[in-house]
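First comes the structure, then the notes that go with it.
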Amino acid sequence: MGKNREIGNISPGDRSRWNTAIFLLLCATPVFSTLGYGGVDIWAQSFLALAAALVVIFWAADAWRKKEFRFDSGSLQLPIMGLIIIGVVQLLPLSDRGISPELLGTPAAAALSMDPYATRFFVIRLIILFVFFAAALAYIDSRERVKKTVLMTVIFGAVMAFFAILQRLASPEAIYGLRPTPQAISFGPFVNQHHFAAFMEMTAGLTLSLLLGNAIKKDRKLLLGIAAALMGIAVVFSGSRGGLISLVSVIGAVVLAHYFLKKRDAREPQDSGRKLLVFAAAAVAAIVIVGGSAIFLGEGDFLLRATGLQADQSDITSGRLHFWSVAVQIFLAHPVLGAGYDAFGAAFSRYDTWTGMYRVEQAHNDYLQILADAGIAGFACIAAFIFLFFRKSLNIIGSSADRFGRDAAIGALAGCTGILVHSFFDFPLRTTSNAFFFLLLVVIAISGFDLRRKFVGSEPPAIRMA
């Protein structure tokens, strides 16, 4: 094992060109997947698979060049590995559907998954995400790199918010004028407007935390304020009710975290009441500015839709209650390993009590869908990841003395909290680009600069090669 190093003490001269190439790929991958319609089309996923393969090749080349293999041995990677193993088991020929081969003229699929083809592609996406996450933990390894990653996320989020607002006002018929979405309401570069709102929640968390913190110079906070306003307005324009609720949770998480930390660090406890009023006023001002801007730009109907106040909405859940009840039935029928990753569409028709005219591909609740897709085993992996992540990031926030590192960790945690809240109403993390940015925020949230990272969840040990 190599010596444990304190993050921030790694000089650029100690890195090989392969090391730098990996970091550039890690920054480019989420950006490309977002610009590529959220990375949901097969052509985009092919490029992302190629990027993951290049990361593995460069990783091996860097290990050979430095005579050491960098990796993070932390427990956060284990739940993702568990999800991959579950998917592999679902593809094994362990099921007997009870269908006679003579009836079909060919043997029926014997995999545990009700849709082996969809499950196979889902497992491939999980492997790509695992490679990205493992590489990010190992190679976003210094204060400089974390700051660059945070800056890239904030700037890119602001640019995408501005572009989406202009696109909404122009009312184009297709994304970039090239990609029509006849079966969905697109927004920005995303096929689904709710998933764009989820992306904004993640970037807004970082932006708001840096805005309220003390690590950024005051002359630059105006730019952060403009960026935060653009992100909030874009969420309202998307018309996503789940997005608006989640954005409020992001604002609340950032405000409360900064308030309690400032109260803890304050020398004069009597000022805590005044600080609370200031933070509360800042939160109210942010909401008023976002809502007022939407109304001023003539898009008040989107604000009404997002708040669910439109009078013509006969079903405010848009059918979600029915989807959720079907997901519960699928889970009860397959409680241990589920019906198979991405097999919800195939299983839905068997348990649907409606006319059967529509094929619903998603449960519109990621937690219920993981129960339906992967049973108790898959849900346990998700719960373990969330628990380990929150425990580790809260420890970083409570212990870090680096102002920028703490502000970035708060913002990253708040952004992750927002999309986890949004997952109760939709399936934002099943959009590939959102999954990439979510994992990137996880890395930022646990990268405390002034803590000695032991790469058992922090700084990577280097295994010496013979």
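Here, each number is a calculation from the coordinates, and none is a lab measurement. Predicted model only: the values in this text are computed from it and were never measured. Reconstructed Cβ throughout: ideal geometry from the backbone, glycine too, with neighbour counts over all protein chains shown.
For region 56-63, backbone phi angles converted through the Karplus equation (6.51, -1.76, 1.60; θ = phi - 60°) give residue-by-residue couplings of 4, 5, 5, 4, 5, 5, 5, 4 Hz, Gly and Pro being listed as x. Think of region 328-407 as having a plus end and a minus end, set by charges on the Cβ of Lys, Arg, Asp and Glu; of Leu332, Phe390, Gly405, Gly405 sits farthest toward the positive end of this dipole. Rounded to the nearest Hz, the phi-derived 3J(HN,Hα) couplings of region 73-80 under the Karplus curve 6.51 cos²θ - 1.76 cosθ + 1.60 (θ = phi - 60°) are 8, x, 6, 5, 7, 4, x, 5, where x marks glycine and proline. Extending 7 Å from Cα along the Cβ direction at Lys263 and again at Asn395 yields two label points whose distance is 2.5 nm.
Karplus-derived 3J(HN,Hα) values for region 246-254, using 6.51 cos²θ - 1.76 cosθ + 1.60 with θ = phi - 60°, are 5, 5, 4, 5, 5, 4, x, 5, 5 Hz; glycine and proline are entered as x.
Annotation: amide H-H contacts under 5 Å for Asp426 (H modelled 1.01 Å from N, sequence separation of 5 or more, or interchain): Asp366.
Modelled spin-label separation between Ala380 and Ile42, with each label point placed 7 Å from Cα along the Cα-to-Cβ direction: 3.6 nm. Taking amide H atoms as placed 1.01 Å from N in the peptide plane, the amide H of Phe187 lies under 5 Å from those of Asn192, Gln193, each 5 or more residues away in sequence or on another chain. For the pairs Lys147/Lys217; Lys147/Lys218; Lys217/Lys392; Lys67/Lys147; Lys217/Lys262; Lys148/Lys262, flag any whose C-alpha to C-alpha distance is greater than 20 Å. Flagged as over cut-off: Lys217/Lys392; Lys67/Lys147; Lys148/Lys262. Amide H to amide H distances under 5 Å link Glu68 with Met465, where only residues 5 or more positions off or on other chains count and H is placed in the peptide plane. For the pair Asn214 and Ser73, a Förster radius of 41 Å applied to the C-beta separation gives a FRET efficiency near 0.75, rounded to the nearest 0.05.
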